[in-house]
Amino acid sequence: MIKGKKISFSAIQPSGNITLGNYMGALRRWPTFQGDYDCIYCVVDEHAITVRQNPADLRHHSLELFAQLIACGIDPERSILFIQSFVPAHAELAWVLNCFTMFGELNRMTQFKEKSLSHADNINAGLFTYPTLMAADILLYQADVVPVGEDQRQHVELCRDIAIRFNGVYGDVFTVPEAEIPKTAGRVMSLQEPEKKMSKSSDNENSYILVMDSPDVIMRKFKRAVTDSQAEVRYDPEQKPGVSNLMDIYAGATGLSMEEIRRQFEGKGYGEFKTAVGEATVELLRPVRENTLRLMADKGELERLMKTGAEKAAAVSSYTMNKVRKKVGFLPR
Ligand code: ATP
Ligand code: LTN
């Protein structure tokens, strides 16, 4: 790591196949931090098991997500890219932070309330303490910024509160991080129910585009996307949520403004518009999909990168962990 540069940390769960929403809202932004920051990115498999996972699927998703992050432009030589469970300090610091986090604070977390409803048969303690493991991820690396979607703002705020509390007792141990949330709506909506966000855990596969979907599947899903009966390409998320979502996706894929898009499709039907959105999305995702397939063909190289990434992460995190052990009064090993 180059001394003096600020540190950016973020992470994603290998809890399924990633969608166009994950890509536009999160992954696409991560490589852009590589110029100005020292970047650390993590596949958080320990977070994923707060919801029951099939072990073989979890292994596959972790490996594929690791490859996809490289395919998106994260350079494993320049940044630290690693798998959370390879670095035991995450679970170790999470335990310490559990003892500096109040029950009431965790009980207020929106994600916990939502997941308790959607997984009512498995409201386990890990789901409840999920934010302290997330705080450990961030604080271990003394991160300055945490690029995440709006839905994670509350967790980063809690991480700040925990860091401030700990520093208040022991002196300046942790850097207090800031959330970095995209200004323009980083929220891609479902293609079937455009009032809901596009989510990889939906049961309707026509509602989402996966990063690994083939071009013909992408075109078919866009053709089936819900619109309205007005045959007018105009941005109005309230009255025309389906069309507006497709415009957002098209803008995100091409860089065009809403006005330019409106003019491009003036007097044309939705068929032509949907084809254009499909083609732009195919081109946007093509390099990620092709690079992922290429990387996945060489498991040996991925294993080597996972090992070196974890070694680098362990070296950085041991500095913080040793300081924490000393401060709280653990005997030297
Ligand atoms: P699930 O469907 O299981 O709830 P998810 O698709 O919401 O998962 P996460 O793993 O929770 O995905 O989120 C990974 C990152 O992707 C987060 O930073 C989140 O803000 C972002 N993200 C997820 N869905 C969208 C979306 N539809 N639009 C924009 N960003 C999204
Ligand atoms: N909770 C996040 C994933 C996550 C994370 C982190 C993000 C786990 N640890 C640390 C940023 C920093 C999510 O569900 N998107």
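Numerical summary
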{"read-out": "Boolean, Ser244 is over 30 Å from Leu140 (Cα atoms) and either part of a helix (DSSP H, G or I) or not hydroxyl-bearing (Ser, Thr, Tyr) (or both)", "value": "yes"}
{"read-out": "Pick from region 12-42, criterion of a type in the set (Ser, Thr, Tyr) and over 25 Å from Phe86 (Cα atoms), ranking: nearest to the chain's Cα centre (by Cα)", "value": "Thr19"}
{"read-out": "Some residue of region 28-47 being within 14 Å of ligand 2 (Cβ to nearest atom), part of a loop (DSSP other than H, G, I, E, B), free of Cβ contacts under 8 Å to residues at least 40 places away in the same chain and under 22 Å from Ala135 (Cβ atoms)", "value": "no"}
{"read-out": "Which listed residue is at pLDDT 95 or above and farther than 28 Å from Arg289 by Cα, from Val243, Val217, Val233", "value": "Val233"}
{"read-out": "Conditions (1) within 30 Å of Ala48 (Cβ to Cβ); (2) assigned to a loop (DSSP other than H, G, I, E, B); (3) open to solvent by less than 30 Å² (accessible area, probe 1.4 Å); (4) without any contact (Cβ under 8 Å) to a residue 60 or more places away in the chain: number failed by Lys221", "value": "(2)"}
{"read-out": "Extreme residue, farthest from ligand 2 (Cβ to nearest atom), among residues of region 164-199 that are modelled with pLDDT under 95 and polar (S, T, N, Q)", "value": "Thr184"}
{"read-out": "Long-range neighbours under 7 Å by Cβ, at least six apart or interchain, first residue within 18 Å of Ile12 (Cβ to Cβ) within region 127-148, second assigned to a loop (DSSP other than H, G, I, E, B) and of a type in the set (Lys, Arg)", "value": "Pro147/Arg29"}
{"read-out": "Exclusive hit being assigned to a helix (DSSP H, G or I), charged (D, E, K, R) and either over 24 Å from Ser318 (Cα atoms) or more than 16 Å from ligand 2 (Cβ to nearest atom) (or both), set Arg160, Arg153", "value": "Arg153"}
{"read-out": "Residue match in region 15-37 (condition: charged (D, E, K, R), crowded, with 22+ Cβ neighbours inside 10 Å and under 22 Å from Ala143 (Cβ atoms))", "value": "no"}
{"read-out": "Options Gln13, Gln53: the member that is under 30 Å from Ala125 (Cα atoms), without any contact (Cβ under 8 Å) to a residue 40 or more places away in the chain and within 11 Å of ligand 1 (Cβ to nearest atom)", "value": "Gln13"}
{"read-out": "Subset of region 224-250 [touching a Ser or Thr at 6+ places or on another chain (Cβ under 7 Å) and surrounded by 15 or more Cβ atoms within 10 Å (Cβ to Cβ)]", "value": "Tyr235, Pro237, Gly242, Val243, Ile249"}
{"read-out": "Qualifying residues in region 11-27 (those that are in contact with a helix residue (DSSP H, G or I) (Cβ under 6 Å, 6 or more places away or on another chain) and polar (S, T, N, Q)) - the one farthest from ligand 2 (Cβ to nearest atom)", "value": "Ser15"}
{"read-out": "Residue satisfying condition, being within 14 Å of ligand 1 (Cβ to nearest atom), open to solvent by 10 Å² or more (accessible area, probe 1.4 Å) and either free of Cβ contacts under 8 Å to residues at least 24 places away in the same chain or outside any strand (DSSP E or B) (or both), within set Leu58, Leu63", "value": "Leu58"}
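Yes/no per residue for (1) open to solvent by less than 80 Å² (accessible area, probe 1.4 Å); (2) under 16 Å from the mean Cα position of the chain (by Cα):
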| residue | (1), (2) |
| --- | --- |
| Gln68 | yes, yes |
| Gln84 | yes, yes |
| Asn98 | yes, no |
| Phe103 | no, no |
| Gln111 | yes, yes |
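This table checks each residue for (1) open to solvent by less than 40 Å² (accessible area, probe 1.4 Å); (2) more than 25 Å from Asp213 (Cα to Cα); (3) in contact with a Leu (Cβ under 9 Å, 6 or more places away or on another chain).
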{"residue": "Ser257", "(1), (2), (3)": "no, yes, no"}
{"residue": "Arg262", "(1), (2), (3)": "no, yes, no"}
{"residue": "Ala276", "(1), (2), (3)": "yes, no, no"}
{"residue": "Arg286", "(1), (2), (3)": "no, no, no"}
{"residue": "Thr292", "(1), (2), (3)": "yes, no, no"}
{"residue": "Ala297", "(1), (2), (3)": "no, no, no"}
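The values are calculated or read from the model by the stated rules, or taken from the named source; none is laboratory data. It should be emphasised that the depicted structure is a prediction, and the values quoted were computed from it without experimental measurement. A quick note on method: Cβ atoms are made from the backbone with ideal geometry, for glycine too, and the neighbour counts reach across all protein chains shown. The accessibility values were calculated without ligands, DNA or RNA, using every heavy atom of the protein model including side chains. Shrake-Rupley method; radii C 1.70, N 1.55, O 1.52, S 1.80 Å.
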